[in-house]
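The values are calculated or read from the model by the stated rules, or taken from the named source; none is laboratory data. The structure displayed is predicted, hence computed values, not measured ones. Using ideal geometry, Cβ is built from the backbone for each residue, glycine included, and neighbour counts are taken over all protein chains shown. Each accessible area value is taken on the protein alone, full model and side chains, heavy atoms only, with ligands, DNA and RNA left out. Shrake-Rupley method; radii C 1.70, N 1.55, O 1.52, S 1.80 Å.
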Amino acid sequence: MDIASLLSIIGGIAMVIFGVLSSNSFDITAMQMYIDPASIVITFGGSICSTLGCFKLADGINGFKSISLPFKDKTYDPSQTIRTIIDMSNVGRKEGLLALEEAANGIEDEFLKKGIMLVVDGTDPELVRGILETDMMCLETRHKDVIKFWEKWGEMGPAWGMIGTLLGLIAMLNKLSDPSAIGPQMSVALVTTLYGSLIANWLCSPIAGKLSVNNDLEVVNRQITIEGLLSIQAGENPRVIEEKLKSFLSPSVREGVLENGGGGEE
């Protein structure tokens, strides 16, 4: 599980609860003031309906299903990918490209395995690049569609919170003759704005941000894979391949790429 995402959700709601309690002398019954069924229906229900209206139904459903993705610790380690590719290049230089088929059996990365099989089959390098880059671009497009869903919901949340507030203000103004009703009506009106802000800043923005980070990491990992496989197919020296692929990494990470295994042979 991704601890950062979990801490974000739990920590965010904990800060809100602390703020509520501290402003009410830590009276637990004060929490009831911030719970209003009508406001929940207006803000959450309205924003969800508007968000679904911006997408095809299937895309909207996929967007909701992706809520668990930020909490899954999918590790994309470019350093490990480079080590694997260097190992493959050493096998290819010693035993030939056909030997890579057997060496690929223990690889769990389906994208890397697919690329190796294309190389083993003798596919033209430009065609290999075209196939793998198309696969990568389609993956990125699918990811961005999901990210857009959360970004759009994050936009709709505050808007529907304001709609709920306006409805509450209208009800309050309609009862100005009763001073005792003004305070409660105003309180309910502002609760919808609170809910809208929570939707945007506690839920949607963190999820969209984490999905974007994961997408960027996976794309970089696949770019490394593509360049590495094409270099192996071209028969380049493993040391040259290593230096080429390390260019994708930050300077602070490059030195330790091969310290745990692999190694470019001459």
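For the reader, a short list of remarks on this structure follows.
- Residue match in the stretch 146-161 (condition: under 25 Å from L249 (Cβ atoms) and in contact (Cβ under 8 Å) with a residue 24 or more places away in the chain): yes
Let's see how each residue does on (1) of a type in the set (K, R); (2) at pLDDT 90 or above:
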| position | (1), (2) |
| --- | --- |
| F111 | no, yes |
| D121 | no, yes |
| I131 | no, yes |
| R142 | yes, yes |
| Q185 | no, no |
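- When residues of the stretch 161-191 are limited to those that are within 17 Å of M33 (Cβ to Cβ) and of a type in the set (S, T, N, Q), the one farthest from the chain's Cα centre (by Cα): S180
- Of the residues making up the stretch 197-216, not a single one is of a type outside the set (D, E, K, R) and farther than 29 Å from F71 by Cα.
- Scanning the stretch 183-198 for residues that are among the polar types (S, T, N, Q) and over 19 Å from A14 (Cβ atoms) gives Q185, S187, T192, T193.
- Any helices (runs of 4 or more DSSP H) falling wholly within the stretch 2-55 and containing at least 3 residues that are among the hydroxyl-bearing types (S, T, Y) and under 30 Å from A171 (Cα atoms): 46-52
- Any hit, the stretch 214-231, residues being open to solvent by 70 Å² or more (accessible area, probe 1.4 Å), within 30 Å of M156 (Cα to Cα) and modelled with pLDDT of 85 or more: yes
- Cβ pairs under 8 Å, 6+ apart, first in the stretch 206-219 and without any contact (Cβ under 8 Å) to a residue 60 or more places away in the chain, second of a type in the set (A, V, I, L, M, F, W, C): none
- Here P78, P70 are screened, and the one residue that is in contact (Cβ under 8 Å) with a residue 60 or more places away in the chain and under 23 Å from V240 (Cα atoms) is P78.
- Test set (1) touching an Asp or Glu at 6+ places or on another chain (Cβ under 6 Å); (2) at pLDDT 85 or above; (3) within 23 Å of D2 (Cα to Cα); (4) not small (G, A, S) - I86 fails condition number: (3)
- Inspection of the stretch 60-82 identifies no residue that is modelled with pLDDT of 90 or more, among the small types (G, A, S) and over 15 Å from C204 (Cα atoms).
- Those residues of the stretch 56-68 which are part of a helix (DSSP H, G or I) and either buried (at least 16 other Cβ atoms within 10 Å of the Cβ) or of a type outside the set (V, I, T) (or both), in sequence order: L57, A58, D59, G60, N62, G63, F64, K65, S66, S68
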